[in-house]
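Structure first, then comments.
The values are calculated or read from the model by the stated rules, or taken from the named source; none is laboratory data. Just so we're clear, the structure is a prediction, and the values are computed from it rather than from any experiment. Cβ coordinates were reconstructed from backbone atoms using ideal geometry, including for glycine residues, and neighbour counts include every protein chain displayed. The accessibility values were calculated without ligands, DNA or RNA, using every heavy atom of the protein model including side chains. Shrake-Rupley method; radii C 1.70, N 1.55, O 1.52, S 1.80 Å.
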Amino acid sequence: MTQQTGPILLATDLSARGDRALDRALQLTKALNTKLIVLHVMESHSTSARLTTPVWRRLSSDHKALAERELAEDLAAADVPFEVVVVSGDPLAHIMETADSFGCSLIVTGTARDETLGRLLLGTTVEKLARQARQPVLVVKTRPRKPYHDVLVATDFSPGSRQALRAALQLVPDANLTLFHAYDVPFQGKTVPDDAITRSFYKGAEQSAREFTADTPELAGLTPNIVLEPGQPETVLSEYSFNHRSDLVVTGTHGRTGILRTAIGSVAERLLESLPSDVLIVRLT
């Protein structure tokens, strides 16, 4: 199934690890029958930037020409329409400006946290992007060996959750879909709650799930797997994603509880670190 959607923006630092994001962006661009915009932002030459900048850039006086050549070589065999943009300045501002000016439907970034001294894209830029960008932000962590197949949507049954679900269905319309809800049982971990209390909270979550799916027209004709688990969202979600080998985890930035309560703060940063899969972050607009 293919569909026409807005262009996809890939924000790349041209690191070797960024190749994963490039490959995933190309795969999604082809699947969605759209165009790829590839953006590289040359940051100011602070000490930390010099330490994390590739040698070929540190030794060249014309970084822009070299970056354009590097990207042209990377995209030479790409079987999709694309455009390369290389600019200097603040990465966050240029990513958002480029995404808006091209009418992009998705921003794709990689992660450089594993590199020595490198936060680069994953870190403050991604967190700020998730708070401020109008487009969903896809953080690519894994090597894209195949299209997304098993998609896990974190939900607290709020409007933010519904928007995240819609983004997931637009990005991967044919995936196996799981709606995951972590519900709180008071005093759990300190004392063992009565079975009747535990059952009542489960029944409440079950009822909320029924109402949520019934009120989401995009789910008509679909039968997503519904998973309701007691506990802290970032803990149980990470465990479930790991055990069930989810390809993609989708979460909103606002909601009622847990990871969806904060606008991508420390909880979401821990989630990005702990999840083995790629993560799609959808801001409530």
Response to the item:
Sorted by chain and then number, the residues having a modelled amide H within less than 5 Å of the amide H of L248, at least 5 places away or on another chain, are D150, L152
Item to complete: Provide the packing ranking of 16-24, 196-204, 275-283, 85-93, i.e. peptides ordered by the mean count of other C-beta atoms within 10 Å per residue, highest first.
Response: 275-283, 16-24, 85-93, 196-204
Worksheet, complete the sentence: Reported to the nearest 10 Å², S238 has, with a 1.4 Å probe, an accessible area equal to 20
Practice prompt. Mind grabbing the accessible area of E43 for me, 1.4 Å probe, Å², rounded to tens?
Written response: 80
Worksheet item: To the nearest 10 Å², what's K35's accessible area with a 1.4 Å probe?
Response: 70
Fill in: Under-5 Å amide H pairs with L106, H placed in peptide plane, nonlocal only
L9
Response to the item:
K146 and R245 label points (each 7 Å along its Cα→Cβ direction) are spaced in nm at 0.8
